[in-house]
Each structure stands twice: as structure tokens, then as C-alpha cells.
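Worksheet for the structure shown next.
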Amino acid sequence: METIVYKEDEARALAKKFLADKKCEGAKIVRNWLRADGTMVESEIFCETRTVKDDGPLHITPIDSVPAEKCETPEDFLGDDARGVMNRVFRTYLDKAFLTPTELMHSYKELKRLQDKDTLVPSAVDRVAQLQTKDGEQDAKSRGKEIFKSIDDISARARRVESLKLPKLDGHFSEVIAKLGAMGEGEDRDYLAMVVLSRDLMNVRNWVGKLERLCSLAVEDPDPHAVELLDGVIADVLGSNVVQDVLGWQPGLGAAIVAMFDLADGKMPAVKSDAGESAEVLNRLFAEKKLPISRGILLDRAHRQIRSPNPLFRNESEKELEAFKHLIERTLCPTGLVCGSETAEALTMRCTRMVEQGGAAGRKAAIEMLYRIMPDPATGLVYLCELASSSLAAEHMADILGTMELVFRCRGISDLCLRTLPPKDRMLRATNAHRVAMASVFSQEVKARLADFIDTILEHYLIDEQIVEKLDHQDSPLRDRAVRLVQFCAAGVLPEGKAMTRARHRILMLLRQPNFDAHFIDGFTDPLRAQKALRDFHQLLIKAGFG
């Protein structure tokens, strides 16, 4: 049912409007009226159906990457990564049929229809086989045969369950799963559950409707396993263009990508969305971290859009750099870049379109340009460390290390970190750069040089600003001084090194004072409160690394 109206002429006008669309297969008007005895009477007053003209042969969507791990069994092809590939390579067909990969593989009728559609499946298998064997020992032909064998097995399995009478999805999805477990059909319970879900979803022939149905099931179900299964199918739906409806109108691609990152964190303002309540529920599910698979699909889509040649701001090229800077700010988080090396590489490839050079020279120029666009050298260092783990590093490690020399030009923390940041945030940013550098793929020699450089800057900052002395103010009670210093060491604002040693040394001087415990609880009249204060302080000492 598309809509309800209260006048026959309005209904006929709507039917005429729908039939004006060449893709519309038919329209029907049904009249309902309520009798005096409370019964409902229904009659058909208009119906027109027609065969929709075929648009000609469909083609696969070209893809240039597949997951590193091959699918070895038919069960593997039902997994998240495999469905993600199907979502991309069969995008045109899936959009036309309004089907997700899950529905496709759990319905024999739909799978057979795809297999009969021109050379769609052979072309897809050939493309995937080529990508999976281009750097390996296996040849594409033998890999293709393996994939076709799995497709036949998937099809045979779907055919076996096609005639099974399975429960309908009327309540919680977990209730259906429980019923299927009690049926004893000799088939995997989760597989049958996905058959039931697919049958339910195939009645909904639009993406927003499918998303609404899945989100309502996920938000209401108390069973984590049921939500996990639903998450995979929500991810399938988010592989379609429904994302545009969820995001709503955006001034440009850059803003749309930012909105995708916001949605993945459950922080997208739903007022702009064209998906109605579905957007709010989806936002909530992401905020509650219930959709890790869908989040991965959404972030993958965002990164593909960053790498794409499409402008970030439509029709106004002078705003391209401004949109790019805004995008960079959104991809930064307290621990680095949102998705580490994947984000670093995507941003670099976007930046290559902003430099004059092409090829390797263009990528080299983009690396240095992107480093300079970053908010400060500490953030730039994090970017370089993440880029060193990307596929670009194989060709551009020398350029990454060359750009890193700009970091060593910093003479103090005001050069390394934004001057507008509060002291604590400056130290946190420098310490985070230290952490990322130590976890990077650089050689031990490079990492040792970076560690010493950042540690020295932090130590000088402690001395110049008398940070430790201000915390250990002599006029304050011993307990307050000790707690402030230990909290400082436990806050993660300093890495292990000279700066941390200086702060700990001051604490040790306090701890070694005669009768420290007695002086610490001085002023407490209640022995129980005094003991609790000491216990809490000792736990804080352990957290701060005093064993």
C-alpha cells in the first residue's frame, strides 16, 4: 500500500501519476468502508497492470579491490566481507530489484533470476577472481571455478529450504530464532532465521522501508545475537543509495562525508534526514554501539567518497580547500585519525587533486601539503605515522620520512601543539603523538629519535611553566599536594621518559617524608574515613605507575 486518501478522484489522480512512471508495473485502488454493524467492506474500483519494458542488458559495477582473505566455503560467501563485495559489484541490479545480498542468497527464486540475467554473474566472478589472484600463485580461471562451485552450493541450499513452512516475523526477531531452534529441520538455525527475515524484507520494495523495518526490529530486540544478525542486513541496506536519504540534503560532498562520520558515531542531527524516524533510530543504534558491521560499511563508504574524484563543494571551486580542511578536522579524534592508515591514505589521495604535479611527484607533494594543512605538527606527525602503515608507504616511505623532518624544527611545545590549547590539552596532544609514533612501523632508530624529541619538549615545558611546582604548592596541605601530583601522573598527559620521571621524583620526595601516612590523614576525626582516604590514595599511586 502506497498511501491512503479519502476521495475517489484523488485516488484516481494518484494512480494516474504512478502509472506515468515507466518503471511502475501497475496500480490498484481499493475502497474500504465501515458498516453500521462494525464490519469492514472492501471493493476494488480500479486496477491496471502492465509489463515493464526491459532497459537492456545490465552490467556489473567495476570494482578495484576485494578483501585479502578469500572465501573458501559457501558459508564464507554469506559473511560480511563477501556480501560487501556483492553489494558493490551488483549495485545496478540490486538497486533495480530492491534486494540486499542477504535476500538474494537466501531466496532460490531471486538467486536464479540473477543467474539468468545476461552475463552478470560470470562477469562478476571473473572480476573478483582476477583481483584475488593478481598477486598470488593461483590463476584466475581456477579461482573462478571455485567461486562458481560455491554459488551452486548456495543455490542448492536455498532451493532445499524454499518449500519449508517457516514462522512469520510478527514479533521480536529473537523469538523467530528460538522457534526455528525448536523445529529441528536439520538446517542451521541462523541460516533459517535469515531465510525468514529475507522473506519478510522482500515484501518491502524500497530502501527506506527496508531500513525502517530492520531498525525497528533491532532497537526493540533484547537479544544481542539477534541484533548482530540484523546488523549484517542493515549493513547491506546501507550499501545502497539509501544513505543519501538518511543524510538528507547536504551543500556538497564534503558535508555529506562529515555527516557520514557523524552518523557512524550516532551524532548526526536527524532533522535534515529524508528517512524520517528511521534516521533517528539508526542514529540511536550507532550511539549505543549495537551496529559494528554497519558502522564499518558506512565508514568504508565515507573513505571511498574521500578518494573519489568528485569535488567536495559543488559549483564553487574556491571553497574546495575550505571543505577539505573541515573534513580533516572531522576525521581527527583524541587518539589520532578515525580509521588510522585507511583515513590517512584516503585524505592523501584526495589531496593529490589539489597539487599541480601528477603521479609519484604529485603524491609526494600531497603528503607534504597535507602535513602542513594539519592543525599543528603534532597532528601532522600522527598523520605521517598512520600513512606509513598504508599501501602508499611501499613507494613513498622516503617522502614520509623527509616530511617528518619538519617536525624536528619545533623548538617548544608552542611550535609542536596549537598555542590556543589549554596546558593539559597541549601535553595530551604531544603525548598522543608520542604514543602513535611508538606504535608505528618506523624503524627503532626513527622511533627512538621521535620519543626523545617529544619527551625533551615536554620536560622543558614542565620546567619553563613550573607545572610540577604549581601542583606542589608549599602552602597547601600535604594531602592535597600529594593527590594533585599523583593525579597528574595518572592522567596520561605525559609519556614514559624524562618528563614523567621529573614529576614522579617530586612525588617520591613527598612519599619519603617521615610519617607520611600520619601527615596524609591529618585532620580526619573519623578513623574509617582516614583509612578509606589512604586506600584511595594507594590505588591512585598504582594507577600512576608507582606499583
Unit-weight point scatterers at every alpha-carbon of region 313-415, Debye formula, q = 0.12, 0.15, 0.22 1/Å: log10 I(q)/I(0) is -0.38, -0.59, -1.22
Compactness summary of region 73-115: radius of gyration and Dmax from Cα atoms, Å, are 9.8, 29
Expressed as a percent, the portion of alpha-carbon pairs in region 1-148 spaced more than 22 Å apart is 56
The farthest towards the positive end of the charge dipole of region 347-396, of the residues ALA361, PRO377, SER389, given +1 on Cβ of Lys and Arg and -1 on Cβ of Asp and Glu, is ALA361
So ASP190 and ARG419, fully extended at 0.36 nm per residue minus their Cα-Cα distance, gain in nm 76.9 nm
To the nearest 10 degrees, the tilt of helix 80-89 (Cα long axis) against the first principal axis of the alpha carbons of the chain is 60
Toy charge model, Lys and Arg Cβ at +1, Asp and Glu Cβ at -1: region 13-69 dipole around Cα centroid in debye, rounded to 20, equals 460
The Kirkwood hydrodynamic radius of region 289-345, taken as the inverse of the mean 1/r over all distinct Cα pairs, in Å, comes to 12.6
Checked against a 26 Å limit on the C-alpha separation, the offending pairs among LYS272/LYS325; LYS22/LYS210; LYS134/LYS325 are LYS134/LYS325
Ranking ALA264, LEU428, VAL407 by how far each Cα lies towards the positive end of the charge dipole of the chain (+1 on Lys and Arg Cβ, -1 on Asp and Glu Cβ), the top one is VAL407
Expressed in angstrom and ordered largest first, the alpha-carbon extents of region 252-351 along the principal axes are 36, 29, 21
Percent relative contact order for the chain, counting Cα pairs under 8 Å at least six residues apart, stands at 7
About its Cα centre, region 302-343 carries a charge dipole, from +1 on Lys and Arg Cβ atoms and -1 on Asp and Glu Cβ atoms, whose size in debye to the nearest 20 is 160
With Cα coordinates, the longest principal axis of the chain makes an angle with the long axis of helix 253-264, in degrees rounded to 10, of 80
Quick calc, region 274-362, dipole around Cα centre from Cβ unit charges on Lys, Arg (+) and Asp, Glu (-), nearest 20 debye, gives 260
Expressed per residue, the solvent accessible area of region 322-370 in Å² (1.4 Å probe) is about 44
GLN130 and THR49 label points (each 7 Å along its Cα→Cβ direction) are spaced in nm at 4.1
Expressed as a percent, the accessible surface of the chain that is carbon or sulfur, using a 1.4 Å probe and the full set of protein chains, is 51
Probe 1.4 Å, heavy atoms of protein chains only: per residue, the accessible area of region 108-161 in Å² is 58
One point scatterer per Cα, no solvent, Debye formula: log10 I(q)/I(0) for region 221-297 at q = 0.16, 0.17, 0.25, 0.27 Å⁻¹ comes out as -0.53, -0.59, -1.24, -1.40
Rounded to 0.05, the calculated FRET efficiency for the beta carbons of MET40 and GLU8 at R₀ = 22 Å is 0.80
By the Kirkwood definition, with r running over pairs of different Cα atoms, region 388-503 has a hydrodynamic radius in Å of 15.6
With R₀ set to 56 angstrom, the calculated FRET efficiency between the beta-carbons of GLN250 and ALA518, to the nearest 0.05, is 0.30
Once the mean of 1/r over all distinct C-alpha pairs in the chain is inverted, the Kirkwood radius in Å reads 28.3
quick shape note, region 463-537: Cα extents on principal axes in Å, largest first -> 40, 23, 18
Here the FRET efficiency for ARG113 versus THR525, based on Cβ atoms and R0 = 60 Å and rounded to 0.05, is 0.15
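The values are calculated or read from the model by the stated rules, or taken from the named source; none is laboratory data. Since the structure is predicted, the reported quantities are computational estimates derived from the model, not experimental observations. Backbone-built Cβ (ideal geometry, glycine too); neighbour counts: all protein chains shown. Note: areas computed on protein heavy atoms with side chains; ligands, DNA, RNA excluded. Shrake-Rupley method; radii C 1.70, N 1.55, O 1.52, S 1.80 Å.
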